[in-house]
Amino acid sequence: MGMSFHSNTGTMVTLSNSNKTACRNNPHQEFNHGLVMSSEPLRYGQIFEVRIDKKVPTWSGSIEIGVTSLDPSYLDFPSSATNLREGSWVMSGTSILEDGKSYLEDYGHDLDELSEGDTVGVMRALNGELHFYVNGVDQGVSAENVTGTVYAVVDLYGKCAQVTIVDQEDEKPSFIRIADRLHFHEHCGTMVKLSNGNRTAERRKPVDEFNNGVVMTHRALLDDELFEIRIDELVNKWSGSIEMGVTTHNPDTLDFPATMTNMRSGTIMMSGCGILTNGKGSRREYGEYNLDELHEGDRIGLVRKSNKSLCYYINGFDQGIAAENVPDVLFGVVDLYGMTVKVSITDNYKPTLNKPDQENSIPSLELRNQPSCQRIGLRCDDLLFHYNCGLFVQVTNGGHTAFRPNCLDDFNNAVVITNRPLKHGEIFEVLLEQIVMKWAGTIEIGVTIHSAEELKFPSTMTVVKTGTWMMTRNGVMYNGTTITEDYGYDLDKLKAGDKIGLIVYEDGSLHFFLNGVDQGLAASNIPDNVYGVIDLYGQAVKASIVGSAESPVFYEDVNAPSATNYLEDLQMSQSSSIGERKSSNSQAGKIETEQINEIPRPRGAAVYDPHLLYFDDGDDSLEEYSNDDIVEPPFSFSSITGTNISLDYFGVLATRNQDYDHGLVFSSKLLEREYLYEIHVYTANSVWGGTLRYGVTTYEPESQSDLPSCVLGLTDCDTWLILDSHLYKNNEVIKRNYALYLPHITAGDCVGVKIFNDNSLHFFINGVDLGVAATNMPKKLRIVADIYGSVESVMIQNGGSSSSVDSRNLEKKSNTNAPVIYSPSTMMSFHENRGRNIHLSNDNLTACRITGYNYGVVISCKALLCEELFQVQLDNLHSEWSGSIQIGVTSQNPEQTCFPSSALFMKENTWIISGDNVFYNGVKIKSKFGPNLNTLKNHHKIGIKINAERNLHLYVNSIDQGVAVEEISQPVYAVVDLYGKCKQVSITLEPYSSDEESEKDDKEKADVEND
């Protein structure tokens, strides 16, 4: 039967699931009165553990857990666990309270930071010591002499809205992780298209066809291996949706049916809320979810366990046993049926996020298989634009910049050619500085055999019929004829601040690059002595050649499984044998667009001057243009604005001219469903307090005189908006801490809003879905923005997306927003972002823990390169504490990491070596590995290295201790935890020398003797 909750509970609690699940009623309106207790006293050595099923963002504080000598049968339950007396011990946050008084701080993992799916438990040991557990990890002794009869107590407080008791047999499985990642078999249903390395499956013609969408795994599933997919796209037409299961049939020989429920042997499928075995219902009601009701972003998984039972997981939650005694050899199978159009396999240790425009992409890890690790493109400062150029373009800035002055009058005749031919391996790269939103199309780039002196400049380079290769939109043209379609990234999606370039290698291969990312082989057999050429076509107004001041050498890391950025501060002698550093006969595919490291735009008013949006000289006069000359953007601001607002001619740029208020703007049109509406913050000034307020409203702007000074003054309408970090409806808070980042936005950030087909409202910050804000939204809504306080101007981002975003993985996604920085030449240092007890010195090469024994985590400022040794020396050890240095790697970006008390509490692809154990996301995956790090002494050196196979190696005193973890994802940053005895470390490149240590010991002994 297992443990259960006592039927006597707090006033706001409802029990279910045989009293194993407790839910706090009205969690958005009430934050306390959520006490529950175990139905039976705890036995000595018995762990009482609960799983957090549901959290709400409304409140501060979260789950509290402990033990009490009070009998629940006769207890008048207080409002919270911290009010329990007469022998009660409770863990709240990181504090331990006895009878309501705190006596131990900084204990264990912060319970307020736990998420849905995490577990927390309590155990009274045989010797009377009280231990708490977080995700199965013992947090240590919290109290002593806890004797007598005690009951477990859980407080569903604050954000914690629902918990379920976890019996030992129901604990969350530890899924295995293997090198051969699952992907779909190439043999599949007739309507299926595979992409993304066969890890994404899509049903063709989803509006016309609803079946023939069966896909299977490329190999049989292993015991305890999680096979999980994410729903990427649904179509709102058919009944029924995704079906998932296992089959004994081999995809190599299977004659794929229209739907897997037609299979009459060896097949178990979950369909709707039931289980079908060989096409017949074996369980009518299974689990807590109906697959037909899942949304885009939801995840479905299954595991064939070692005990031969089959279990399903919906969004990570175990649905229980679906079938028992299943066969040993089973393939995973997914049926893209009905509403389901597209799915992707996730990793069992980290979900992989896809975007719809990646469907034809190949992971960059698979682009090349050459033995060399890098290709080089040199930058030469003598590469300039020739002053002979197209009719409506000018070359300025000493030949570095091309500018189309009459950008609103003409869209072509803007061809510019380099002043000399390109050298082999030379990167010709331009920065797109300005765009105009009037025209279709944008910059085109390529090479030509024609020099600027001889060419009779055409209206556009795509009409030249000899010796010319151009990348235009997302195709490659040769002499005006398309030779490659669907090549690389769509140039029409480029924005100001993006960089586009090309390299012609010695073997005659032509590659294009977007923000440093190789788009693959575009053409072969390019002749020598070709010139670089750009066409400032359509929206492209201004572009400048990227010179060597940014980086004299352009690196393309061909072994990187994610796109690399430009290498900064690289000091390297120029090699004459560039051809030797290139991979011969390399064939490159396309790279995933989600891996493109967009160069962040400069922040500040000088760069985002609204006048410079269209004109180089700041003159925004448009008197000479008629209305017929201007094409209205698809999304713009209404002409009715606050009294301090001025709009640009197109109505897409709104600027507050004075004061801090009267900055209301509205969209000129009503919002459409499934469309992401975004605005960019273009200028900000910290002289004012407060920031942008953004939302949607039913208000119809009719007269400027009717508008209030701020959005909170809107009346006779319904308005949903984010103010500070909270979500408001009609001036009342409905969700607290909904958008924690919003108060910190500045120039360059963007906020968005989207109404889904289910009439739910979602807000976005920098492309990240913040989750459901409200439901049952009215049909007629407009954007409302209050350009308030520090934000002075905003601009509409046209070309919104209707693609889905996984709102359940906000934390995971946030790590993808910041660009990854690699730099092999400068010595690695610690990042400024660090644990709260750390002081950095010596140009951030030395880290010292100044108090306590924890909160000493530091991280490298740059991602580790292949075969790069990151090594630190132990400068200062103190024996007053137990434990010592911990080291490892993480995929978390240092700019966005909030460091916990210990590195073992870091999540999201974090591997840590502690003692002689290896942990992944806080869970032990290997023991008795290498020397025990807790035994290291002063002046010893410890390091890590990622080798060419992406395996993590540990080095102790310059000796390789072997592979700690295989197939580490990229990019990763080095992590060091100055824990316990370890007080100070310094980054060093010097190998360990025992003579050096002996010399230092001798000096220390001599100092003692002299004293």
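Considering the stretch 405-441, the residues that are in contact with a Lys or Arg (Cβ under 8 Å, 6 or more places away or on another chain) and among the β-branched types (Val, Ile, Thr) include one that is nearest to Phe385 (Cα to Cα), namely Val430. Consider the stretch 503-517 and keep the residues that are part of a strand (DSSP E or B) and either of a type in the set (Lys, Arg) or out of contact with any helix residue (DSSP H, G or I) (no Cβ under 9 Å at 6 or more places or on another chain) (or both). The one that is surrounded by the fewest Cβ atoms within 10 Å (Cβ to Cβ) is Leu510.
Scanning the stretch 132-161 for residues that are over 16 Å from Ser69 (Cα atoms) and surrounded by fewer than 16 Cβ atoms within 10 Å (Cβ to Cβ) returns Asp138, Gly140, Val141. Here Ser7 does not fit the description of being surrounded by fewer than 20 Cβ atoms within 10 Å (Cβ to Cβ) and under 39 Å from the mean Cα position of the chain (by Cα). The numbered conditions (1) more than 38 Å from the chain's Cα centre (by Cα); (2) crowded, with 20+ Cβ neighbours inside 10 Å; (3) within 27 Å of Tyr855 (Cβ to Cβ); (4) of a type in the set (D, E, K, R) are all true for Glu129 except (2). Restricting attention to the stretch 936-956 and to residues that are over 33 Å from the mean Cα position of the chain (by Cα), surrounded by 18 or more Cβ atoms within 10 Å (Cβ to Cβ) and not hydrophobic (A, V, I, L, M, F, W, C), the residue that is nearest to Ser860 (Cα to Cα) turns out to be Lys941. Residues that are in contact with a helix residue (DSSP H, G or I) (Cβ under 8 Å, 6 or more places away or on another chain), surrounded by 21 or more Cβ atoms within 10 Å (Cβ to Cβ) and aliphatic (A, V, I, L, M) number at least 1 in the following strands (runs of 3 or more DSSP E) confined to the stretch 695-757: 719-723, 750-755. Please work out if Ile376 is among the aliphatic types (A, V, I, L, M), at pLDDT 90 or above, assigned to a strand (DSSP E or B) and farther than 30 Å from Ile345 by Cα. No. Being crowded, with 18+ Cβ neighbours inside 10 Å and in contact with a Lys or Arg (Cβ under 8 Å, 6 or more places away or on another chain) is the filter here, so list the residues in the stretch 921-935 that pass it. Of everything in the stretch 921-935, those that are crowded, with 18+ Cβ neighbours inside 10 Å and in contact with a Lys or Arg (Cβ under 8 Å, 6 or more places away or on another chain) turn out to be Asn921, Gly922.
With the requirement that a residue be part of a loop (DSSP other than H, G, I, E, B) and of a type in the set (A, V, I, L, M), what does the stretch 650-678 give you? Correct list: Val652, Leu670, Leu671, Leu676. Within the stretch 143-156, the set of residues being modelled with pLDDT of 90 or more and either outside any strand (DSSP E or B) or not hydrophobic (A, V, I, L, M, F, W, C) (or both) comprises Val150, Tyr151, Asp155, Leu156. All conditions in (1) free of Cβ contacts under 8 Å to residues at least 24 places away in the same chain; (2) surrounded by fewer than 16 Cβ atoms within 10 Å (Cβ to Cβ) hold for Asn844, with the sole exception of (2).
Restricted to the stretch 632-649, and to residues there that are touching a Phe, Trp or Tyr at 6+ places or on another chain (Cβ under 8 Å) and in a strand (DSSP E or B), the residue that is surrounded by the most Cβ atoms within 10 Å (Cβ to Cβ) is Phe637. Do you know which of the residues in the stretch 753-791 that are in contact (Cβ under 8 Å) with a residue 40 or more places away in the chain and among the hydroxyl-bearing types (Ser, Thr, Tyr) is farthest from Val733 (Cα to Cα)? Ranking the candidates gives Ser790 first. Tallying residues that are farther than 23 Å from Ser142 by Cα and either under 40 Å from the mean Cα position of the chain (by Cα) or free of Cβ contacts under 8 Å to residues at least 24 places away in the same chain (or both) within the stretch 69-98 yields 3.
Counting only strands (runs of 3 or more DSSP E) that sit completely within the stretch 841-909, those holding 1 or more residues that are farther than 23 Å from Arg950 by Cβ correspond to 846-849, 857-859, 869-877. Scanning the stretch 503-542 for residues that are in contact with a Leu (Cβ under 7 Å, 6 or more places away or on another chain) and among the β-branched types (Val, Ile, Thr), we see that the one that is nearest to Tyr387 (Cα to Cα) is Val530. Evaluate the stretch 287-297: report whether one residue or more is under 15 Å from Cys311 (Cβ atoms), over 28 Å from the mean Cα position of the chain (by Cα) and surrounded by fewer than 22 Cβ atoms within 10 Å (Cβ to Cβ). Yes - at least one qualifying residue is present in the stretch 287-297. Hey, could you check the stretch 12-31 for residues that are touching a strand residue (DSSP E or B) at 6+ places or on another chain (Cβ under 8 Å) and assigned to a loop (DSSP other than H, G, I, E, B) and say which is nearest to Ala773 (Cα to Cα)? Taking the candidates together, the pick is His28. Where strands (runs of 3 or more DSSP E) sit wholly within the stretch 173-272, those with at least 3 residues that are among the β-branched types (Val, Ile, Thr) occupy 214-220. For the subset of the stretch 763-783 comprising residues that are closer than 26 Å to Glu700 by Cβ and under 18 Å from the mean Cα position of the chain (by Cα), which member is surrounded by the fewest Cβ atoms within 10 Å (Cβ to Cβ)? Restricting to residues being closer than 26 Å to Glu700 by Cβ and under 18 Å from the mean Cα position of the chain (by Cα), the top hit is Phe764.
In this structure, Val215 qualifies as within 23 Å of Leu276 (Cα to Cα) and touching a Cys at 6+ places or on another chain (Cβ under 6 Å).
Please tell me if Ser62 is surrounded by 22 or more Cβ atoms within 10 Å (Cβ to Cβ), out of contact with any Ser or Thr (no Cβ under 7 Å at 6 or more places or on another chain) and part of a loop (DSSP other than H, G, I, E, B). Answer is yes for this residue.
Just one of the numbered conditions (1) touching a residue at least 24 places away in the same chain (Cβ under 8 Å); (2) farther than 11 Å from Val333 by Cβ is not true of Ser265: (1). The selection criterion, being crowded, with 22+ Cβ neighbours inside 10 Å and in contact with a strand residue (DSSP E or B) (Cβ under 8 Å, 6 or more places away or on another chain), does not hold for Ile449. Of all residues in the stretch 928-953, those that are within 10 Å of Ala964 (Cα to Cα), part of a loop (DSSP other than H, G, I, E, B) and free of Cβ contacts under 8 Å to residues at least 24 places away in the same chain total 1.
Of all the listed residues (Asn196, Asn236), the sole one being buried (at least 21 other Cβ atoms within 10 Å of the Cβ), at pLDDT below 90 and out of contact with any strand residue (DSSP E or B) (no Cβ under 6 Å at 6 or more places or on another chain) is Asn196.
Taking the numbered list (1) closer than 21 Å to Gly279 by Cβ; (2) of a type in the set (Gly, Ala, Ser); (3) touching a Phe, Trp or Tyr at 6+ places or on another chain (Cβ under 7 Å) in turn, Ser239 passes all entries but (3).
The values are calculated or read from the model by the stated rules, or taken from the named source; none is laboratory data. Computed from a predicted structure; not experimentally measured. Neighbour counts run over all protein chains shown; Cβ positions are idealised from the backbone, glycine included.
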